[in-house]
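Q: The structure that follows is given in the form of structure tokens.
The values are calculated or read from the model by the stated rules, or taken from the named source; none is laboratory data. Note that this is a predicted model, so its numbers are computed, not measured. As a convention, Cβ positions derive from the backbone with ideal geometry for all residues, glycine included, and neighbour counts pool all protein chains shown. Remember, those area values only see protein heavy atoms, side chains included, never the ligands or the DNA or RNA. Shrake-Rupley method; radii C 1.70, N 1.55, O 1.52, S 1.80 Å.
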Amino acid sequence: RAAVAAVDLVKVYGSGDTAVRALDGVSVGFGRAAFTAIMGPSGSGKSTLMHCLAGLDTATSGTVLLGGTILSGRSDRTLTRVRRERVGFVFQSFNLLPQLTAAQNITLPLDLAGRQPDRELFAHLVGVLGLGDRLGHRPSELSGGQQQRVAMARALVSRPEVVFADEPTGNLDSRSGAEVLGILRNSVRDLGQTVVMVTHDPVAAAYADRVVLLADGRIAGEIDDPDQGSVT
Ligand code: ADP
Ligand code: ADP
């Protein structure tokens, strides 16, 4: 059973003459403990698909399944709960709260859910991400790459079933980008998480187990084993 799936998903923005069919009947499944990249030209519907899969946006028609749960037609309240309990987000625009320290930002989703952070996982992520001496800093006192790594720790510390990453390396130098991709790949391997990543960077896509190609709001193809040994 797929960890996340879309069945005949349609998303129309606007109406009448100006309506845009961003998703035009997308059916796709993302397996448990798999790392999938979604690629495609700008405007092909990648972000829209990811937002619908993650319960951040609702499709016009079709079905989204997360684990055994059907998200389509659920209330905002239910979608918020599903996101909090089961999904992690790594977005390009970080979405860190400026008044909180790095450590507080990392544990915020757990705090909101009334859960305690797993100390061992917290320490592991902070160590791997090189944030050990930055935990007391606010986002404005961190570099772009450090902010991205805080967002990554926040997304992973709650051990969500599914991690959605939208251009996670878009604002990073190649070295920080490789670190972030390595962490995503290891979290799939070691924690059995499912990662769905939107990227237009072939280097980033090579870290994935599978690439799904979108064009004009439709699935246009698939590449299995995109690394071909080029990434070790
Ligand atoms: P991608 O992520 O592949 O660049 P998007 O999902 O952002 O593609 O956009 C797909 C299409 O939907 C584009 O034509 C875009 O202009 C349109 N679109 C995206 N978001 C909105 C919105 N909020 N309102 C109207 N049109 C939108
Ligand atoms: P509430 O509205 O009750 O504050 P949210 O929907 O804002 O709940 O937050 C639920 C989870 O989803 C949080 O972990 C938050 O970071 C994430 N989230 C919600 N909307 C976005 C978004 N647009 N971009 C990135 N993450 C988001």
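Q: Can you name every residue in segment 91-104 that is on the phi < 0 side of the Ramachandran plot, open to solvent by less than 40 Å² (accessible area, probe 1.4 Å) and near ligand 2 (Cβ under 10 Å from one of its atoms)?
A: If the condition is that a residue be on the phi < 0 side of the Ramachandran plot, open to solvent by less than 40 Å² (accessible area, probe 1.4 Å) and near ligand 2 (Cβ under 10 Å from one of its atoms), then 91, 96 are the ones that fit.
Q: Return the total of residues in segment 90-128 being in a helix (DSSP H, G or I) and farther than 20 Å from residue 172 by Cα.
A: Initially, segment 90-128 is screened for residues in a helix (DSSP H, G or I), giving 102-112, 119-128.
Now drop any that are not farther than 20 Å from residue 172 by Cα, which leaves 103-104, 107-112, 119-124.
Total satisfying the criteria: 14.
Q: Could you check segment 11-58 and list, in sequence order, the residues that are among the charged types (D, E, K, R), under 23 Å from residue 207 (Cβ atoms) and touching a Leu at 6+ places or on another chain (Cβ under 6 Å)? Before you say what the answer is, go through the steps one by one.
A: Initial filter on segment 11-58 (among the charged types (D, E, K, R)): 11, 17, 21, 24, 32, 46, 57.
Right, trim to under 23 Å from residue 207 (Cβ atoms) and you get 32, 46.
Selection gives 46 alone.
Q: Given the criterion in contact (Cβ under 8 Å) with a residue 12 or more places away in the chain, more than 20 Å from residue 87 (Cβ to Cβ), open to solvent by less than 10 Å² (accessible area, probe 1.4 Å) and among the aliphatic types (A, V, I, L, M), identify the matching residue among 142, 131.
A: Working: 142 fails: open to solvent by less than 10 Å² (accessible area, probe 1.4 Å).
Sole residue among the options that is in contact (Cβ under 8 Å) with a residue 12 or more places away in the chain, more than 20 Å from residue 87 (Cβ to Cβ), open to solvent by less than 10 Å² (accessible area, probe 1.4 Å) and among the aliphatic types (A, V, I, L, M): 131.
Q: Step by step: first the residues of segment 168-187, then only those that are assigned to a loop (DSSP other than H, G, I, E, B) and not hydroxyl-bearing (Ser, Thr, Tyr), then the one that is nearest to the chain's Cα centre (by Cα). Which residue is that?
A: If we take residues in segment 168-187 being assigned to a loop (DSSP other than H, G, I, E, B) and not hydroxyl-bearing (Ser, Thr, Tyr), then 168 is nearest to the chain's Cα centre (by Cα).
Q: Which of the residues spanning segment 1-26 are under 22 Å from residue 162 (Cα atoms) and loosely packed, with under 15 Cβ neighbours inside 10 Å?
A: Once the filter is applied, which keeps residues that are under 22 Å from residue 162 (Cα atoms) and loosely packed, with under 15 Cβ neighbours inside 10 Å, segment 1-26 yields 1, 8.
Q: What number of residues in segment 53-90 are at pLDDT below 85, open to solvent by less than 60 Å² (accessible area, probe 1.4 Å) and of a type in the set (Asp, Glu)?
A: Qualifying residue count for the region: 0.
Q: Let me ask another. Return the pairs, sorted by first residue and then second, in which the second residue is within 12 Å of ligand 2 (Cβ to nearest atom) and open to solvent by 50 Å² or more (accessible area, probe 1.4 Å), the first residue lies in segment 61-89 and is closer than 24 Å to residue 148 by Cβ, the beta carbons are less than 7 Å apart, and the residues are 6+ apart or on different chains.
A: 84/112
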